[in-house]
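Visitor: Pasting in a structure now, in structure tokens, and then I'll have a few things to ask.
Values in this text are rule-based calculations from the coordinates and carry no lab data. Nothing here was measured: the structure is a model prediction, and the numbers come from that model. Quick reminder, even Gly has a Cβ in these numbers, built from the backbone with ideal geometry, and neighbours come from all protein chains shown.
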Amino acid sequence: MNKVLLLGNLGRDPETRHTTTGTPVTRFSVATNRHWRDRDGNRQEATDWHQVICFARQAEIAGEYLKRGRQVCVEGRLQTSTWDDAESGERRFRTEVICQSFQMLGNGQRNGGSPQVAEAQDGDVGDDSDSDDIPF
């Protein structure tokens with residue numbers, strides 16, 4: 001099974017582009033924190049960065065409502081791409097999370113406010129006839 005669940009904060013505003021067929025694709029990064037104690041009992045912390053990709057209606061929602069610092073819960077699958085670097089000739093790897101659903105948490109500020117949840121599911125098809133409706 002290939003399943004990923006992330007709870008973290010956006011590291012930058014999402015970037016939305018369109019495929020040649022017009023399908024929206026939105027990319028953003030999510031930071032997650034890990035905490036542990038080392039051998040001496042000192043508290044340690046590390047931040048991991050995850051690249052997330054959304055497609056179609058979900059990409060539109062992410063591009064419109066997600067902002068840097070916003071807390072988000074992302075569910076998806078891992079996908080690794082490989083290529084040969086044109087300059088160095090070295091084999092390169094990139095692992096990204098292909099988003100299947102996400103929930104916006106909090107009030108848009110990092111670490112604050114009451115929970116306000118919105119969800120976009122993979123495969124949601126928006127009906128543009130009601131473009132004034134908020135999708136959540």
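Visitor: Compute the label zone of residue 95 within the stretch 22-66: residues whose backbone N is under 16 Å from the point 7 Å along Cα-to-Cβ.
Guide: Under cut-off, by backbone N: 30-34, 47-53.
Visitor: Separate question: For the peptides 86-93, 72-79, what is the packing order when you average, over each peptide's residues, the other Cβ atoms within 10 Å and list the highest mean first? Could the numbers behind the result be given before it?
Guide: Details: 86-93: 7.9, 72-79: 17.2.
In decreasing order of mean packing, 86-93, 72-79 become 72-79, 86-93.
Visitor: Highest mean first, what order results for 13-20, 53-60 on Cβ atoms within 10 Å?
Guide: Ranked from most to least packed, the peptides come out as 53-60, 13-20.
Visitor: If you take the beta carbon distance between residue 83 and residue 5 as r and set R0 to 25 Å, what does 1/(1 + (r/R0)^6) give as a FRET efficiency, to the nearest 0.05?
Guide: 0.35
Visitor: First measure r as the distance between the Cβ atoms of residue 23 and residue 44, then evaluate 1/(1 + (r/R0)^6) with R0 = 30 Å and state the FRET efficiency to the nearest 0.05.
Guide: For R0 = 30 Å, the calculated efficiency reads 0.10.
Visitor: Okay, moving on. Once every Cα of the stretch 1-84 carries one equal point scatterer and solvent is ignored, give the base-10 log of I(q)/I(0) from the Debye formula at q = 0.21 Å⁻¹, two decimals.
Guide: -1.02
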